[in-house]
Amino acid sequence: MRARMIELSWSGLRVPAIAVELGCSQKTVRCRLHRFNRSGLQGLDDLGGQGRKRRITGEERSRIISLVKTVPPGRLRWEPVGELWAFDESGPPEWTLDSLAVAARAEEIEVGRSQVRRILAEGVRWRRTRSWMRSKDPDCVPKRQGSSASTPTRPTTRR
């Protein structure tokens with residue numbers, strides 16, 4: 001399109017006619033013509049390096065996302081003999097933004113809490129863990145209280 005602008009200009013068309021012909025603004029045509037007059041054929045190229053460079057690579061982003069899918073080092077687990085243990089008792093029992101940032105820094109990925117939040121917002125469903133919901137007690141289900149009869153059930157069909 002840029003080369004076509006130059007070609008139309010050399011054939012004698014004015015800026016407004018070139019803009020209409022190519023479906024772009026007059027300002028764009030003027031800018032491209034001035035750049036071509038200043039720099040020649042290199043003026044038709046894209047100006048690379050615009051904007052801020054990414055601080056972390058795509059591979060590092062993937063490693064941060066994969067951290068979320070791992071079990072936190074401080075989470076309690078049942079041993080086969082029935083005792084609770086944690087891989088690292090001083091570690092976090094659940095992943096938070098702060099604990100993920102610390103774990104990423106331990107893997108030599110320089111990232112802050114807010115950047116971890118932005119990375120996770122792109123595709124990881126972030127839910128708060130409810131440890132009180134899980135029970136190893138086999139009699140737990142019969143002990144639970146049923147729902148209130150006054151609570152209406154949700155319709156199963158689409159409206």
Fill in the blank from the handout: Apart from one, (1) more than 30 Å from residue 7 (Cα to Cα); (2) acidic (Asp, Glu); (3) at pLDDT 80 or above all hold for residue 88; the odd one out is (3)
Practice task
Spot the failing condition for residue 17; the list is (1) crowded, with 16+ Cβ neighbours inside 10 Å; (2) over 30 Å from residue 111 (Cα atoms), and only one is missed.
Solution key: (1)
Practice task
Provide a single number: the residues in the stretch 75-122 that are under 17 Å from residue 57 (Cβ atoms), open to solvent by 70 Å² or more (accessible area, probe 1.4 Å) and either among the polar types (S, T, N, Q) or in contact (Cβ under 8 Å) with a residue 12 or more places away in the chain (or both).
Solution key: 2
Practice task
Take residue 24 and decide whether it is open to solvent by less than 60 Å² (accessible area, probe 1.4 Å), at pLDDT 80 or above and either among the β-branched types (Val, Ile, Thr) or out of contact with any Leu (no Cβ under 8 Å at 6 or more places or on another chain) (or both).
Solution key: yes
Problem - Boolean, residue 151 is modelled with pLDDT under 70, of a type in the set (Val, Ile, Thr) and open to solvent by less than 70 Å² (accessible area, probe 1.4 Å) - result: no
Practice task
Could you grab me the full set of residues in the stretch 39-74 that are of a type in the set (Asp, Glu) and open to solvent by less than 50 Å² (accessible area, probe 1.4 Å)?
Solution key: 60
Handout entry: Residue, modelled with the highest pLDDT, within the stretch 91-108, restricted to residues that are part of a helix (DSSP H, G or I) and of a type in the set (D, E, K, R)
Key = 105
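The values are calculated or read from the model by the stated rules, or taken from the named source; none is laboratory data. Quick caveat: nothing in here was measured; it's all calculated off a predicted structure. Cβ atoms come from the backbone with ideal geometry, glycine included; neighbour counts cover every protein chain shown. Note: accessible area is taken over every heavy atom of the protein model, side chains too, but ligands, DNA and RNA are not part of it. Shrake-Rupley method; radii C 1.70, N 1.55, O 1.52, S 1.80 Å.
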